[in-house]
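What follows is a single structure, written as structure tokens, with notes after it.
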Amino acid sequence: VQLQASGGGLVQAGESLRLTCAASGSVFSRNDMAWYRQAPGMQRDFVASITSRDTTNYADSMKGRFTISRDNAKNTVYLQMNSLKPEDTAVYYCLAIMASGSTSWGQGTQVTVSS
């Protein structure tokens, strides 16, 4: 599966962004999807996930601020990010987990939050 992430940018603290990850090359509705992020010099960390049955999970620091959703008709997963903080600055990556267990990463989109 190929993943194309977009929607990143430069915003001020307290503002919102919506990231989009468009998938192709697989039966999207069967995939679990996730977002991760990686700040400079740091490991890649889990942000949120959504299963093929729309069960969602969030990292503790994102609960209440971020919302993951999917549109199977558009082969797309979204990450709505509200009340952004400077510490949310990172490259955000989407991940597809296929029913077979194989995975695929997107190329990442930069999110920068100024204080």
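So is Ser26 surrounded by fewer than 21 Cβ atoms within 10 Å (Cβ to Cβ) and in a loop (DSSP other than H, G, I, E, B) or not? Lay out the reasoning, then the answer.
Values: surrounded by fewer than 21 Cβ atoms within 10 Å (Cβ to Cβ): yes; in a loop (DSSP other than H, G, I, E, B): yes.
Taking the combined requirement at face value, the residue satisfies it.
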Every pair of residues 6+ apart whose Cβ atoms lie under 6 Å, when the first sits in region 43-60 and is on the phi < 0 side of the Ramachandran plot while the second is surrounded by 14 or more Cβ atoms within 10 Å (Cβ to Cβ) and part of a loop (DSSP other than H, G, I, E, B): Phe46/Ala59; Val47/Ala59
Enumeration of residues in region 4-23 that are assigned to a loop (DSSP other than H, G, I, E, B) and either in contact with a helix residue (DSSP H, G or I) (Cβ under 8 Å, 6 or more places away or on another chain) or not hydroxyl-bearing (Ser, Thr, Tyr) (or both): Gly7, Gly8, Ala13, Gly14, Glu15
Sole exception among (1) modelled with pLDDT of 95 or more; (2) open to solvent by 50 Å² or more (accessible area, probe 1.4 Å) for Leu95, by number: (2)
Sole exception among (1) modelled with pLDDT under 95; (2) more than 16 Å from Gln107 (Cα to Cα) for Val1, by number: (2)
Counted residues, region 43-84 - those being in contact with a strand residue (DSSP E or B) (Cβ under 8 Å, 6 or more places away or on another chain) and assigned to a loop (DSSP other than H, G, I, E, B): 8
Within region 29-40, tally of residues that are at pLDDT 95 or above, open to solvent by 40 Å² or more (accessible area, probe 1.4 Å) and either closer than 16 Å to Gln110 by Cβ or of a type in the set (Ser, Thr, Tyr) (or both): 2
Extreme residue, farthest from Trp105 (Cα to Cα), among residues of region 7-23 that are buried (at least 16 other Cβ atoms within 10 Å of the Cβ) and of a type outside the set (Val, Ile, Thr): Leu17
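Can you find even one residue in region 2-17 that is over 22 Å from Ser114 (Cβ atoms) and among the β-branched types (Val, Ile, Thr)?
Of region 2-17, the ones over 22 Å from Ser114 (Cβ atoms) are 2-4.
Cutting the leftovers down to among the β-branched types (Val, Ile, Thr) gives us none.
No, there is no match, as no residue in region 2-17 is over 22 Å from Ser114 (Cβ atoms) and among the β-branched types (Val, Ile, Thr).
Taking the condition modelled with pLDDT under 95 and either among the hydrophobic types (A, V, I, L, M, F, W, C) or out of contact with any helix residue (DSSP H, G or I) (no Cβ under 9 Å at 6 or more places or on another chain) (or both), does Met62 pass?
Working: modelled with pLDDT under 95: yes; either among the hydrophobic types (A, V, I, L, M, F, W, C) or out of contact with any helix residue (DSSP H, G or I) (no Cβ under 9 Å at 6 or more places or on another chain) (or both): yes.
It is true that Met62 is modelled with pLDDT under 95 and either among the hydrophobic types (A, V, I, L, M, F, W, C) or out of contact with any helix residue (DSSP H, G or I) (no Cβ under 9 Å at 6 or more places or on another chain) (or both).
The values are calculated or read from the model by the stated rules, or taken from the named source; none is laboratory data. Remember, predicted model here, so these are calculated numbers, not experimental data. Neighbour counts are summed over all protein chains in view; Cβ atoms, including those assigned to glycine, are modelled from backbone coordinates with ideal geometry. Accessible surface areas use protein heavy atoms only, side chains included; no ligands, DNA or RNA. Shrake-Rupley method; radii C 1.70, N 1.55, O 1.52, S 1.80 Å.
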